[in-house]
Amino acid sequence: MRGNDTIHQHPYIPLNCPEDLKKPFICRLSPFETGFEGEYLDNFAPESTHTLFLRKRGSEEAYQTIPLSDRVFTVSGLEKETEYEFFIESDKGEKSHTRLLRTTALPAGSTVINYLHPEDTQYAFSGRFLCSPSLARLPDGTLVAGMDLYGNHMPQNLTLLFSSHDDGKTWRYLNDLYPFYWGSLFTHKGVLYILGLTTEYGNLQIACSKDGGHTWSRPTVLFYGSNLLCKNGGMHRAPMHVVSHDGRLWTTCEYGCWEKGSHLPAVLSIGEGEDLMVASNWALTGFLPFEGAWREASEGRQRDTMEGNIVLTPDGEMQEILRWSLGKALVLKVKAPEEPLEFEELRTMPVSSSMFRILPYKESYLMVTNRKGDNVKTIEDAPYRNVLSLFTSRDLKNWDLKEDVVNAGNEDPMKIGFQYPCPLLEGDTLYLNVRSAFNNADNFHNSNTMLFWKINL
C-alpha cells in the first residue's frame, strides 16, 4: 500500500478494509413505486459479468437473479411500499455489500438524486443518513449535487457527489470526498469549489476541481476547529450560498457546539480576484457574542443561531439573516470583512425552526422555507418540516406565500421532513436539492433521500 493524500476517491474504502477494493460497489440507488434504479462500480474487474441477487428483506426464499449488462440498471415489477435486500456478484465470485431499499411513490415533480435506507450500513464508517444538500452548475451545463453522511455519535466525514447532464432528469455517481462534511459547492471563474469542514466542528477547509469534480486539489485549511466531543465548541456551518458583492465573495459560518447550546455567527469573505486556495486571503468578521441588544431582545434565551443567509437589502446594505426559532429570524448587519457583526433585530418571518434560504429574484426576494401546515396546531419548537414552500417579498420583512414545493402537512411532522433546501436560481427556473425524510425514514430529521425539483417560477 502506498501513501495517498488525495481527498477524491472512487469510491472511498476505509484503509482497514482493503479486501473491499476487489468487490463490486453499489454507488447510487433511486427507488420508485414498483422498483428501483441502481448504479455500481467494479474498479478491480470492470470487464467481468455481474449478477444482481434480490429478495424481500428478511425472506428465507431463494434470491431472484438478474443479469446486469450495464453499470446503471433498473429493476421493476416489485411490490409497492415493500423492503428488499440485494447485492451484486461478479463472475469472479466477489460480492458487494448487501444493500437495503424500500419501494415508494415519489412526491409530485421530484426526482431522486440518491437514497440510503436508514438501516443500510454501507457508509457506517461516516454515518447512516443523508445530509447537507448542495448544488452547483458547471460551465459546460452539468449540474453537480453534493450530500454527506451523518449519524449520532458517528464520524461524519464523507461527502458524495453526483452529476446530471440533462438538467436534473437523471443523476449519476461522480465521486467521494473524504474527509469532507457540511460542504458548499460553488463555481468561481470556471472552477468548481467546495467549502466545508473535515467533520462536525472540525477544520474549515476549501478544495477545488478543474475537471468537473472528477479530481480535486489538496484542501486548504482556513481555520482549525475541534471535534464533536469538544465541550468548548468548534467550527460549524451549513452548505450556505457563496454570494458575490462589491468585489468580494461572502458566506457564513459559526462557532459553538450543542453541548454549550449555542453557536455564535460570523461572516467569511475573500476578494474575487484573490486565490481562494490561500488561507491568508480569507477574512473573518469574528464571532458575535450573545450579549447586549441581542441578549435583551431575546430575553436572555439563546436559540438555534446558525445557517445564515447573506442578503443585500433594497437599500444596498448587507445583512446576515439566520435561523432563530419558529416564526422568527435573527437579523445582523454586515459592515466590513473584519469588522464585528451588529445586531439589528429578531424579525417575524414565516419560517420554522429549520434552515431557510433567501435569494434575490428580479426586483424582489424569493425564500425557500418550511412552514407550519394549515391543519397543525401551534406547538413551540415543533419541527414543522413536512411542508416546504416558496415565499416572495419586496422588502425582506413582508412575505407572501407563492406555492408549496411539497405539502405533507397532514402527515406526522415527527416522521416526515423535506428540509435544508439548497436552491440554484437561474432566470425564472429554480432548482432544488432537498434533504428528505419519508418512505419510512428513521424520523423527520434523519433523512433517507435526496430529492431534486426543477420549478418554473
By average Cβ neighbour count within 10 Å, what is the ranking of 333-343, 364-374 from highest down? 364-374, 333-343
Give me the percent of accessible area attributable to carbon and sulfur for the chain, probe 1.4 angstrom. 47 percent
Linear extension gain, ASN16 paired with LYS454, 0.36 nm per residue minus alpha-carbon span: 153.6 nm
Relative contact order (percent) for the chain, with alpha-carbon contacts under 8 angstrom and 6 or more residues of separation? 10 percent
State log₁₀ I(q)/I(0) for the range 150-193 at q = 0.20, 0.26, 0.30 Å⁻¹ as given by the Debye formula over alpha-carbon point scatterers of equal weight, solvent excluded. -0.81, -1.03, -1.09
Projecting each Cα onto the charge dipole of the range 311-355 (Lys/Arg +1, Asp/Glu -1 at the beta carbon, about the Cα centre), which of LEU322, PRO340, SER353 comes out farthest on the positive side? SER353
If I model a spin label as a point 7 Å beyond the Cα along the Cα-Cβ vector, how far apart are those points for ASP412 and THR121 in nm? 2.6 nm
Two-decimal Rg/Rh of the range 163-245 from alpha-carbon positions, Kirkwood Rh? 1.02
Label ARG2 and LYS335 with points 7 Å out from Cα along Cα→Cβ: what is the distance between them in nm? 5.4 nm
Cβ neighbours within 10 Å, averaged per peptide: list 167-175, 2-10 in order, most packed at the top. 167-175, 2-10
PRE zone check, label point 7 Å out along Cα-to-Cβ of ASP91, amide N under 20 Å, scope the range 66-84, hits 66-73
So which GluC sites (Glu not before Pro) in the range 34-73 are both in a DSSP loop and have at most 12 other Cβ atoms within 10 Å of their Cβ? GLU47, GLU60, GLU61
Quick one: if you stick a label point 7 Å off each Cα along the C-beta vector at THR98 and LEU284, how many nm between them? 4.6 nm
Rounded to the nearest 20 Debye, what is the dipole magnitude of the range 1-135 about its Cα centre when Lys and Arg each give +1 and Asp and Glu each give -1 at the C-beta? 220 debye
On average, how much area does the Cα convex hull of the range 300-457 cover when viewed from any direction, in nm²? 9.9 nm²
Roughly how many whole Å is it from the C-alpha centroid of the range 311-372 to that of the range 404-457? 21 Å
Once the dipole of the chain is set up from charges on Cβ (+1 Lys and Arg, -1 Asp and Glu), the residue from the list THR285, LEU424, ALA136 lying farthest towards its positive end is THR285
Considering only protein heavy atoms, what per residue accessible area in square angstrom results for the chain with a 1.4 angstrom probe? 41 Å²
Charges on Cβ only, +1 for Lys and Arg, -1 for Asp and Glu, centred on the Cα centroid of the chain; of ILE270, MET306, TRP399, which one is farthest towards the dipole's positive end? MET306
Once all protein chains are kept in place, ASP20 shows an accessible area at probe 1.4 Å, nearest 10 Å², of 50 Å²
Given charges of +1 on the Cβ of Lys and Arg and -1 on the Cβ of Asp and Glu, with all other atoms neutral, how large is the dipole of the chain about its Cα centre, in debye to the nearest 20? 240 debye
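The values are calculated or read from the model by the stated rules, or taken from the named source; none is laboratory data. Note that the structure is a prediction, hence the values are computed from the model and not measured. We place every Cβ from the backbone using ideal geometry, glycine too, and count neighbours over all the protein chains shown. Accessible surface areas use protein heavy atoms only, side chains included; no ligands, DNA or RNA. Shrake-Rupley method; radii C 1.70, N 1.55, O 1.52, S 1.80 Å.
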